[in-house]
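Chemist: One structure coming up, written as structure tokens, with questions to follow.
No lab work stands behind these numbers, since they all come straight from the coordinates. Remember, predicted model here, so these are calculated numbers, not experimental data. Positions of Cβ are generated from backbone atoms using ideal geometry, with glycine treated the same way; all protein chains shown enter the neighbour counts.
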Amino acid sequence: MPWDFAWEEAPRAPGRVTPEDVLYFYDEPLIYVSTMGFFDAICSKIDDNGTSNLVLICPTDNKTLAALKGGLISVRGALTAKNYWVADVDYDYVVRRAWTVPSNDLPEEYLPKKAYGLYPSFGRVPDTIEQAKAFFSIKFSGSELHADQMPFQTFKDLVNSAFSATKSLMTPYLLNGYKSPDVFNMPVAQPSFSSLAISVMKPEMDIAVINSRYARNQTVYSEQDIVRATTNRRNEFFEQAGELIEEINNGEISDHFAAEKVDWLKVILEVSPNPQRSIEDVEFTALTNQGRAYLHIDGNAGEKIRHAYEKALTAPVVMEGVIVEINGDSSTFLVRNTLTHRQVTCILLEETFKRLDRDGIITRGAHLRLRGNVESRVRRDKLRLTVDPEPIPVVIV
Amino acid sequence: MSYEFCEGIPDACPPNAAVPSEADIFRGAPAQALADNDFVSFGELGSNRFDLTQCKAWGLSIWKTEEAVSFARANLTYVRKWHIHRATLSAQHGVIGETPTVPQPHHHTFWKDKNQSVTDLFVHFLEPEAA
């Protein structure tokens with residue numbers, strides 16, 4: 001049966017798609033680069049009806065090909081375009097018919113799976129160049145996220161989630177609680193659609209203001225110190241989230257793990273797959289000194305994180321924070337959570353409060369590890385401590 | 001061990017580096033059951049799809065690991081439509097050589113002895129992933 005489709009037939013189909021640079025060979029070239037007049041295209045064989053091949057043709061350029069061959073982007077990423085041709089190509093590589101197919105209409109199965117590089121040794125790699133070069137990138141994928149449009153509300157929600165999580169995860173501890181983007185800011189590259197990739201670049205800052213407002217013990221920080229602190233926080237995220245994914249891959253998230261890492265669960269949950277927002281996959285990437293960091297959370301993992309977080313809140317959990325206010329009259333103190341940046345009211349028995357106050361544990365600026373039962377509230381959560389807070393040293397830069 | 005390969009095969013093909021095919025291999029094909037014609041190279045067919053002076057055109061592409069199969073299925077729509085078959089070959093069946101290219105450093109080719117049939121050695125291993 002000859003190939004036939006309802007898509008618009010291309011009036012001037014490319015004449016030949018001769019393989020000039022074979023990228024994957026199995027008895028014959030299955031993915032290859034072909035020069036078509038003034039431009040190059042990546043051709044991927046989709047099917048064979050015994051008399052001709054069905055081939056996906058995607059315009060490309062040298063930059064994309066170099067990124068593909070260098071392991072910066074996936075094969076899927078290299079085969080991303082607004083419009084494709086799907087062509088009936090005979091065994092001499094002559095195009096017999098071709099159809100112009102907008103990316104929204106292209107069947108998903110015509111494309112490679114996400115995040116696979118050209119060589120197995122590349123491992124999982126980003127699907128866009130912006131992600132590949134980002135200091136830190138979050139990519140949301142879902143059925144509502146199309147190449148040319150997405151629901152405005154979804155876009156707003158995802159940008160808000162990405163902003164909030166990036167701020168929580170990347171801000172150096174020194175700047176915990178900062179408000180002004182003039183002081184510390186992480187620019188983003190142009191967001192790319194067909195999913196939504198938010199790619200954050202290295203931070204920009206006003207180091208004079210940072211030193212005047214945030215420096216401790218007369219330490220003078222340089223811009224490099226703050227970039228290094230941000231990098232350390234990013235690496236800490238990949239380490240912690242990596243442990244979480246490993247826990248999920250081993251089965252379920254244990255209660256102990258969830259209790260110890262409840263803040264990480266909370267922040268990661270904010271940018272995890274969410275069926276209510278039609279987000280099915282989320283990928284995190286970063287270009288680090290050790291190579292590329294990559295994490296993938298699918299819908300199943302997202303559900304496990306949500307379940308573990310909700311269950312963890314029914315028993316004592318562990319969090320870390322800095323005391324920002326003390327109220328002796330009510331035997332409470334306020335901490336700013338070092339990860340979520342949210343303030344939490346910590347409640348103690350009166351005699352415990354007095355003892356810890358006397359021992360100098362409860363002082364403004366003290367960095368504490370806290371364990372207790374969370375009472376979630378809209379404005380400010382409460383943490384009813386079940387054991388004494390434990391002072392911990394903090395490397396702030 | 002001496003082998004006899006099909007007529008027309010270029011000189012120095014298979015390459016000297018190819019070794020007797022004593023190995024587990026995987027082969028993909030549209031059919032659920034393989035037939036002898038699934039082991040006929042394009043060179044043997046005299047197909048004009050390739051430059052038949054290339055030694056690779058006279059052999060059959062194979063995968064040597066499950067990981068290589070999974071990787072091919074991830075990136076190749078066409079391979080996802082195939083059944084995957086597995087066989088343990090013996091030395092007399094032919095030779096296997098590394099036939100790498102820059103983008104595909106782990107490509108292997110099997111050159112079958114023309115007097116051997118390997119069809120019955122293959123067992124069905126994986127269903128197609130896509131229709």
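Chemist: Just from its helices, what would the mean residue ellipticity at 222 nm be for chain A, if runs of 4 or more DSSP H residues each count -39500 (n - 2.57) and the sum is divided by every residue, rounded to the nearest 500 deg cm²/dmol? All intermediate terms of the calculation are to be shown ahead of the outcome.
Modeler: Working: 10 runs with 108 residues, N = 397.
Value at 222 nm, helices only, nearest 500: -8000 deg cm²/dmol.
Chemist: Here's another thing I want to ask about it. Starting from the Cα gyration tensor of the protein assembly as shown, multiply each eigenvalue by 5, take the square root, and state the resulting semi-axes largest first in whole Å.
Modeler: On the way: eigenvalues 643, 127, 85 Å².
Semi-axes (√(5λ), whole Å): 57, 25, 21.
Chemist: Counting only other residues whose beta carbon sits under 13 Å from that of B:PHE5, what net charge do I get with K and R as +1, D and E as -1?
Modeler: Working: positive: B:LYS112, B:LYS114; negative: B:GLU4, B:GLU7, B:ASP11, B:GLU44, B:ASP113.
Local net charge: -3.
Chemist: Turning to a different aspect of this structure: Which of rounded, prolate or oblate describes the range A:8-113 when judged by the alpha-carbon gyration tensor and an a/c cut-off of 1.5?
Modeler: Taking the square roots of the gyration eigenvalues as a ≥ b ≥ c, the range A:8-113 is rounded.
Chemist: Let me ask another. By its C-alpha gyration tensor, with a ≥ b ≥ c as the square roots of the eigenvalues, how is the range A:121-258 shaped: rounded for a/c under 1.5, else prolate for a/b larger than b/c, else oblate?
Modeler: Working: a/c = 2.00, a/b = 1.37, b/c = 1.46.
The shape class here is oblate.
Chemist: I want the local charge near A:GLY321. Using Cβ-Cβ distances under 14 Å, sum +1 for each Lys or Arg and -1 for each Asp or Glu among the other residues. Provide the component values of the computation, followed by the final result.
Modeler: On the way: positive: A:LYS266, A:ARG336, A:ARG342, A:ARG364, A:ARG369, A:ARG371, A:ARG380, A:LYS382; negative: A:ASP263, A:GLU320, A:GLU325, A:ASP381, A:GLU390.
Neighbourhood net charge equals +3.
Chemist: Measuring from centroid to centroid over Cα atoms, what is the spacing of the range B:49-110 and the range A:141-219 in Å?
Modeler: The range B:49-110 and the range A:141-219 have Cα centres spaced 46 Å from each other.
Chemist: Still on this model: Rounded to the nearest 5, what % of the DSSP beta bridges within the protein assembly as shown are antiparallel ones? Intermediate values should be presented prior to the final figure.
Modeler: On the way: 102 of 106 bridges.
Close to 95 percent.
Chemist: Counting other C-beta atoms within 10 Å, which of A:SER34, A:SER137 has the fewest, and how do the rest follow?
Modeler: Working: A:SER34 22, A:SER137 28.
The most exposed by this proxy come first: A:SER34, A:SER137.
Chemist: Also, I was wondering about something else. Label points 7 Å out from Cα along the Cβ direction at B:THR53 and B:GLN92: separation in nm?
Modeler: Each label point is offset 7 Å from its Cα along the Cβ direction, giving 3.7 nm.
Chemist: Also, quick follow-up: By the scheme Lys and Arg +1, Asp and Glu -1, what is the net charge of all other residues having a beta-carbon under 12 Å from that of A:ILE297? Intermediate values should be presented prior to the final figure.
Modeler: Numbers: positive: A:LYS139, A:LYS304, A:ARG306; negative: A:GLU270, A:GLU280, A:ASP281, A:GLU283, A:ASP298, A:GLU303.
Local charge sum for A:ILE297: -3.
Chemist: Based on Cα positions only, what radius of gyration and what Dmax would you give for the range A:317-391, in angstroms?
Modeler: Values for the range A:317-391 (Cα only, Rg and Dmax): 10.9, 33 Å.
Chemist: So for B:PHE26, A:PHE38, A:PHE152, fewest C-beta neighbours within 10 Å to most, what's the order? Don't skip to the answer; put the middle values down first.
Modeler: Details: B:PHE26 19, A:PHE38 5, A:PHE152 8.
Starting with the residue having the fewest Cβ neighbours, the order is A:PHE38, A:PHE152, B:PHE26.
Chemist: Using amide H atoms built 1.01 Å from N in the peptide plane, name the residues 5+ places from A:THR332, or on other chains, whose amide H lies under 5 Å from its own.
Modeler: A:ASN327
Chemist: Turning to a different aspect of this structure: Could you calculate the FRET efficiency of A:ASN83 with A:LYS311 from 1/(1 + (r/R0)^6), where r is the beta carbon distance between them and R0 is 35 Å, rounded to 0.05? Present the calculation step by step, with values, prior to reporting the outcome.
Modeler: Values: r = 47 Å, r/R0 = 1.34.
E between A:ASN83 and A:LYS311, to the nearest 0.05, is 0.15.
Chemist: Counting only C-alpha contacts under 8 Å and six or more residues apart, can you give the relative contact order of chain A as a whole percent? Walk me through the intermediate numbers first.
Modeler: On the way: 767 pairs, mean separation 45.7, N = 397.
About 12 percent, as a whole number.
Chemist: For the range B:41-54, take each phi angle, set θ = phi - 60°, evaluate the Karplus expression 6.51 cos²θ - 1.76 cosθ + 1.60, and give the result in whole Hz per residue in order, putting x for glycine and proline.
Modeler: Values, residue by residue: 6, 4, x, 5, 6, x, 5, 8, 6, 10, 6, 7, 7, 7 Hz.
Chemist: Which order results if A:GLU108, A:GLU243 are arranged by neighbouring Cβ count within 10 Å, fewest first?
Modeler: Details: A:GLU108 8, A:GLU243 13.
Ordered by Cβ neighbours within 10 Å, fewest first: A:GLU108, A:GLU243.
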